[in-house]
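Below: one structure, written as structure tokens.
Each reported figure results from applying straightforward, stated rules to the coordinates on display, with no laboratory input. The shown structure was predicted, so the numbers you read here are calculated from the model rather than taken from an experiment. All Cβ positions, even for glycine, are placed from backbone atoms using ideal geometry, and neighbour counts span all protein chains on display.
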Amino acid sequence: MPATQYQAVVDRIDILSYNVRGFRFRLIHPQPFEFKAGQFLIMHVPHNGKTMIKRAYSIASAPHESQTFELCIQHVEGGIASAYFWKLKEGDSVSLSGPHGNFVLKEPMDYDPVFMATGTGVAPLRAMIKHLIHVRFTRDIWLLFGCRYEHTLLYESEFRSIANVRPNFHYIPTVSRPKDWHGETGHIQQTFQKYIPDVSHTEIYLCGWMEVVKAICRDLESAGVSKQKLHYEEWA
Ligand SMILES: Cc1cc2nc3c(=O)[nH]c(=O)nc-3n(C[C@H](O)[C@H](O)[C@H](O)COP(=O)(O)OP(=O)(O)OC[C@H]3O[C@@H](n4cnc5c(N)ncnc54)[C@H](O)[C@@H]3O)c2cc1C
């Protein structure tokens, strides 16, 4: 799929945590929007009234929702794009290009996918999970999702609802600095070792800030997971 320029409008803004917002955009032109779960967009951000800067954002929604797409954006203190997104209102228009990237599900899907992320790194993994649920994928799907505090777990009720109706979706949220939390604690590498003792039928997908992804890959490799099983998108 070649990258295309698109115009879209803000359809809905959700507060996902104290510093993360979910943005749903409706495409105006051209339509429809085709991409593979896991890919990202380049958003064009007006800056200083003169220039346009570009920032990459993973698509957090599934490809079958072809009239709209969602982004999950963390506010970065002093960030140019962050300031722009935090000022957007419903109905505002945006321009972008996409889809971009090769972080997509490996075919054929004759394995159990294990998704691992912290924070907004869950965005492309959510797209992959929603896609697999949509196509009624029957093998086990794991999501090991880590956050510092329980109130910063993103899409918590959505993932729990999917797990309630799809027994093959295993959602394991893990909190590193729990306050009033009865689930898994620590880091997702530890949760991985507890829940996935046998990696032979798995492929592992990771996404997020470079240092986090590198640290997780290092730990998994030390635990005996081969490099070939690790698929990741690192945000620099
Ligand atoms: C392929 C790809 C996909 C991405 N997908 C997403 C996504 O889905 N959601 C998302 O929120 N971001 C995502 N990013 C990161 C995004 O592109 C921007 O880098 C991020 O939003 C910051 O942009 P900004 O203009 O607000 O900050 P900038 O103006 O670029 O930076 C301002 C200052 O903040 C620092 N900074 C930047 N990011 C961080 C950070 N995370 N923590 C602490 N300091 C920081 C910078 O070093 C600089 O000093 C992705 C990046 C890539 C490469």
- Modelled label reach - H151, point 7 Å along Cα→Cβ, region 179-203 residues with backbone N closer than 14 Å: 179-181
- Could you sort out which of K179/K229; K54/K89; K194/K229; K36/K87; K194/K214 sit more than 26 Å apart by Cα distance in this structure? K179/K229; K36/K87
- Item | Alpha-carbon centroid distance for the pair region 1-34 / region 204-223, whole angstrom | 28
- Message: Sorting check: for 160-167, 3-10, which peptide has the highest mean count of neighbouring beta carbons within 10 Å, and how do the rest follow?
- Response: 3-10, 160-167
- How long, wide and thick is region 4-100, going by the Cα atoms along their three principal axes, in whole angstroms, largest first? 34, 32, 24
- Query: Stretch A236-T185 to full length: gain in nm at 0.36 nm per residue minus the Cα-Cα span?
  - Reply: 15.7 nm
- Principal semi-axes in Å for region 102-194 [√(5λ), Cα gyration tensor, largest first]: 23, 14, 12
- Taking the DSSP beta bridges in the chain as the whole, what percent of them are antiparallel, to the nearest 5? 55
- GNM top mover of S58, S222, S17 - the chain, alpha-carbon springs below 10 Å: S222
- Per residue of the chain, what 222 nm ellipticity follows from adding -39500 (n - 2.57) for every DSSP H run with n ≥ 4, rounded to the nearest 500? -6500 deg cm²/dmol
- What fraction of the Cα pairs in the chain, stated in percent, has a spacing above 26 angstrom? 37
- Placing each pseudo-label 7 Å from Cα in the direction of the beta carbon, S161 and E77 end up separated by a distance in nanometres of 3.5
